[in-house]
Structure formats: C-alpha cells, structure tokens
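The values are calculated or read from the model by the stated rules, or taken from the named source; none is laboratory data. Here the structure is a predicted model, which is why all the values come from computation and not from measurement. Glycine also receives a Cβ, built like all others from the backbone with ideal geometry; neighbour counts cover every protein chain displayed. The accessibility values were calculated without ligands, DNA or RNA, using every heavy atom of the protein model including side chains. Shrake-Rupley method; radii C 1.70, N 1.55, O 1.52, S 1.80 Å.
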Amino acid sequence: MKDAKTLYIVVPCYKEEEVLPETSKRLKAKMESLLEQGKISDKSRVMFVNDGSKDRTWEIIEQLHREEPEMFSGVNLARNRGHQNALLAGLMTAVNYADMVISMDADLQDDVDAVDGMVDAYHNGFDVVYGVRSSRQTDTFFKRFTAESFYKLMKGLGVDIVFNHADYRLMSKRALEGLSQFGEVNLFLRGIVPQIGYPWTTVEYERHERFAGESKYPLKKMLAFAFDGITSFSVKPMRLILVLGVVVFFISIVMLLWALLSKIAGATTAGWTSMIGSIWLIGGIQLLSLGVIGEYIGKIYSETKHRPRFIIERVLNKAE
Ligand code: UDP
Ligand code: MG
C-alpha cells in the first residue's frame with residue numbers, strides 16, 4: 001500500500017539482555033504480519049531504548065540494527081534515567097519518523113497481539129489507544145491489591161487516569177506532539193496522556209508473566225512512582241491541611257468556651273483555662289496558616305510545570 005501509515009514500537013530496556021532476543025523475534029513477526037496486511041508502511045520500525053543498562057542490552061540492540069536496519073532501531077541514553085524518562089526519550093525520537101507510536105515493556109508482559117487492535121483503532125480515527133489489563137491473574141495478590149488501590153486513590157484525588165492501564169498504549173503523531181508540550185521533569189506519563197485530549201479508546205489484553213529476568217520495579221521504586229504520580233497531579237493532599245486547619249480552628253473555639261465555662265463553674269485548677277485555650281488556638285492558627293501557604297505553593301507548583309494551557313485540534317476560519 002502506498003499511503004500506509006508508519007508505526008514505531010518503542011520499547012524501553014533496562015538490563016533486559018535475557019528477554020531481548022525473544023522480544024525482538026516476536027515484535028518482528030508482528031510487524032511483518034501487519035505489513036503483509038497493508039496496515040503499516042515498510043518504514044515502520046521497532047525502536048529499543050537502552051536506559052543506561054550495564055549488561056549487554058545495548059550490544060544486542062546494536063547487533064539487531066546491524067543485521068536488520070529496516071526492522072530495528074536503537075536509542076542509547078547517556079545513563080540510567082528510569083522507565084518513564086527512557087520511554088519519553090523513545091517517543092520523542094520516534095515522533096519524527098512515525099504516524100503512530102506504540103509503547104511497550106521489553107519483558108513481554110504486555111500481550112503483543114493487542115497491537116493489532118491498537119492499529120485498527122488508530123485507523124478508525126482514535127489518537128490514543130490505552131491497553132487495559134482484562135485481569136491480573138498472573139500478578140501476586142500483593143501487587144494486584146496495591147496497584148488497584150493506587151488507581152482508586154488517584155481517582156479519589158481527582159487525577160484523570162485510565163483504570164488498569166500501564167504504559168502500553170498507542171499514540172498518534174499529533175497526540176505525541178501534544179505530549180511534547182508538557183515540560184515537566186517529574187514524569188508520570190499515564191497521568192499526562194489523558195490531559196492531552198483527542199479521541200481515545202481502550203483495547204483489552206491479558207497481562208502475562210515476565211518472560212525472563214526479574215522486575216526492575218521493586219517495592220521501593222513502586223512506592224516512589226505512586227507518590228510521584230499523586231504529587232505531580234494533585235494538590236489535594238495540601239488542601240487537606242487547610243481543611244484540617246479550619247476544623248481545628250473551630251474545635252479550638254469550642255474548647256475555649258468549654259474551658260471558660262469550666263472556670264466559671266469553678267471546677268478547674270489555676271492556669272488550666274489559659275493553657276488549654278492557647279494550645280488549641282495556636283494549633284488551629286498554625287494549621288490554618290500552613291494551609292493558606294500551601295494553597296500558594298500549589299499555585300506556584302502548577303505554574304512552574306509550564307503545562308500547555310490548551311491544545312487546539314483544528315481551527316475553522318475563512319480569512320480574507
Ligand atoms: N525499565 C527502564 N528503566 C528502568 C527500569 C525499567 O527502562 O530504570 C524498563 C524495563 O526494561 C521494562 C519496563 O521498563 O521494559 C518495565 O519494567 P519492569 O517490567 O521491570 O516493571 P514491572 O512490569 O515489574 O512493573
Ligand atoms: Mg514487567
């Protein structure tokens with residue numbers, strides 16, 4: 001097909017020498033079948049991003065590119081920058097060549113066969129296609145519980161994210177160009193992408209076990225990532241301080257009245273009334289002040305992110 005669209009599959013890799021041979025084989029087969037069906041152009045590529053691995057990951061990528069430059073590309077980061085940054089590096093490189101880009105983990109946990117559904121959705125006019133896990137059967141109870149609680153907490157804090165979606169998704173060129181306008185350093189891609197807009201849909205897939213090697217996301221990194229997600233998108237935790245301040249302030253007034261009444265009734269020792277009154281009053285004022293300061297910090301915080309204020313889909317205008 002002459003006007004077939006170009007697909008790039010971006011795969012961040014950190015110490016993935018054990019899985020890369022298999023991953024590249026499966027992705028190649030997938031690309032070839034899409035090419036045969038005329039769904040993608042022959043300029044399509046699988047782009048591996050080496051996130052500063054100290055093992056043979058980059059050598060393997062180099063070799064893949066050397067042997068099949070029309071199938072495999074590589075991006076080598078100067079050092080380890082973490083999954084989200086590595087992914088962004090790949091996306092921002094691929095956007096220069098591709099009409100659509102799919103991001104996927106290297107460990108084959110994301111079902112490669114979901115790619116077909118994503119590409120079809122793209123051809124049906126969707127700019128963002130989220131891969132959504134249909135079940136978490138292969139996850140441990142602990143991982144499932146913590147992950148699902150996290151999605152719920154995020155929703156509760158007013159952050160717009162897609163339930164059970166990790167970073168397996170397709171984005172069109174214009175959606176990626178929208179993404180490139182987000183200048184933030186604390187990257188939480190699955191929170192940013194819904195903010196871009198454009199028509200979107202989801203494709204369900206089964207999450208598999210890691211093909212080989214072990215998770216590069218131990219609990220510590222997972223918690224840091226979750227905390228990052230919350231603090232990058234929500235100023236609600238800070239607003240809670242303000243709410244607490246108001247509540248404590250009101251309680252302090254009640255306590256003050258109660259302390260005074262007790263004194264009038266003569267049921268107190270000397271000094272107790274002023275002591276209890278000031279403790280509550282000072283506590284309330286402090287929390288309230290912190291909350292007010294927090295509101296300003298929240299504003300400064302969102303200003304410093306320099307997020308785009310809008311992304312225009314199209315303009316209808318007949319100029320003179
Ligand atoms: N990854 C990366 N840089 C890192 C950690 C991980 O590029 O610092 C990649 C890793 O190679 C994999 C993806 O991010 O392709 C997801 O990591 P992993 O599968 O270990 O996470 P899990 O699936 O256990 O959450
Ligand atoms: Mg994994």
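Go through (1) outside any strand (DSSP E or B); (2) within 15 Å of ligand 2 (Cβ to nearest atom); (3) of a type outside the set (Gly, Ala, Ser) for TYR168 and report which single condition fails.
Just one mismatch for TYR168, condition (1).
Yes or no: the range 212-226 includes at least one residue that is open to solvent by less than 40 Å² (accessible area, probe 1.4 Å), modelled with pLDDT of 90 or more, closer than 26 Å to VAL95 by Cβ and within 16 Å of ligand 1 (Cβ to nearest atom).
Looking for residues that are open to solvent by less than 40 Å² (accessible area, probe 1.4 Å), modelled with pLDDT of 90 or more, closer than 26 Å to VAL95 by Cβ and within 16 Å of ligand 1 (Cβ to nearest atom), one finds none in the range 212-226, hence no.
If a residue must be out of contact with any Gly (no Cβ under 9 Å at 6 or more places or on another chain) and either within 11 Å of ligand 1 (Cβ to nearest atom) or open to solvent by less than 30 Å² (accessible area, probe 1.4 Å) (or both), how many such residues does the range 89-105 contain?
Matching residues across the range 89-105 total 8.
When the residues of the range 136-157 are narrowed to those that are loosely packed, with under 12 Cβ neighbours inside 10 Å and not small (Gly, Ala, Ser), which ends up nearest to GLY191 (Cα to Cα)?
Among residues in the range 136-157 that are loosely packed, with under 12 Cβ neighbours inside 10 Å and not small (Gly, Ala, Ser), the one nearest to GLY191 (Cα to Cα) is LYS152.
Within the range 158-188, work out how many residues are within 15 Å of VAL132 (Cα to Cα) and either at pLDDT 90 or above or surrounded by 15 or more Cβ atoms within 10 Å (Cβ to Cβ) (or both).
The qualifying residues number 10.
The conditions are (1) without any contact (Cβ under 8 Å) to a residue 40 or more places away in the chain; (2) of a type in the set (A, V, I, L, M); (3) within 22 Å of ILE61 (Cβ to Cβ); (4) within 16 Å of ligand 2 (Cβ to nearest atom), and ALA147 fails exactly one of them. Which is it?
For ALA147, the failing item is (3).
Just one of MET238, MET255 is touching a Phe, Trp or Tyr at 6+ places or on another chain (Cβ under 7 Å) and open to solvent by less than 60 Å² (accessible area, probe 1.4 Å); which is it? Spell out how you get there, then give the answer.
Numbers: MET238 fails: touching a Phe, Trp or Tyr at 6+ places or on another chain (Cβ under 7 Å).
So the residue among MET238, MET255 that is touching a Phe, Trp or Tyr at 6+ places or on another chain (Cβ under 7 Å) and open to solvent by less than 60 Å² (accessible area, probe 1.4 Å) is MET255.
Mind telling me which of the residues VAL115, VAL128 ends up being more than 21 Å from GLY197 (Cβ to Cβ), more than 16 Å from ligand 2 (Cβ to nearest atom), modelled with pLDDT of 95 or more and surrounded by 22 or more Cβ atoms within 10 Å (Cβ to Cβ)?
Answer to the selection: VAL115.
Can you name every residue in the range 176-204 that is in contact (Cβ under 8 Å) with a residue 24 or more places away in the chain, of a type in the set (A, V, I, L, M, F, W, C) and under 23 Å from LYS155 (Cα atoms)?
Those that are in contact (Cβ under 8 Å) with a residue 24 or more places away in the chain, of a type in the set (A, V, I, L, M, F, W, C) and under 23 Å from LYS155 (Cα atoms): LEU179, PHE182, LEU187, PHE188, LEU189, VAL193, ILE196, TRP200, VAL203.
Of everything in the range 280-306, what is open to solvent by less than 60 Å² (accessible area, probe 1.4 Å) and closer than 28 Å to LEU189 by Cβ? Give them in sequence order. Spell out the reasoning first.
Initially, the range 280-306 is screened for residues open to solvent by less than 60 Å² (accessible area, probe 1.4 Å), giving 283-284, 287-289, 291, 294-295, 298, 305.
Of everything in the range 280-306, those that are open to solvent by less than 60 Å² (accessible area, probe 1.4 Å) and closer than 28 Å to LEU189 by Cβ turn out to be GLY294, GLU295, GLY298, LYS305.
Is there any pair with a first residue in the range 205-219 that is touching a residue at least 24 places away in the same chain (Cβ under 8 Å) and more than 15 Å from ARG133 (Cα to Cα) and a second that is within 6 Å of ligand 1 (Cβ to nearest atom) and not small (Gly, Ala, Ser) whose Cβ atoms are under 6 Å apart and which are 6 or more apart or on different chains, and what are they?
Listed pairs, sorted by first residue: PHE211/ASP107; LYS216/TYR14.
Return a yes/no flag: does the range 260-281 have any residue that is under 30 Å from GLY183 (Cα atoms), of a type in the set (Lys, Arg) and assigned to a helix (DSSP H, G or I).
The answer is no, given that none of the residues of the range 260-281 is under 30 Å from GLY183 (Cα atoms), of a type in the set (Lys, Arg) and assigned to a helix (DSSP H, G or I).
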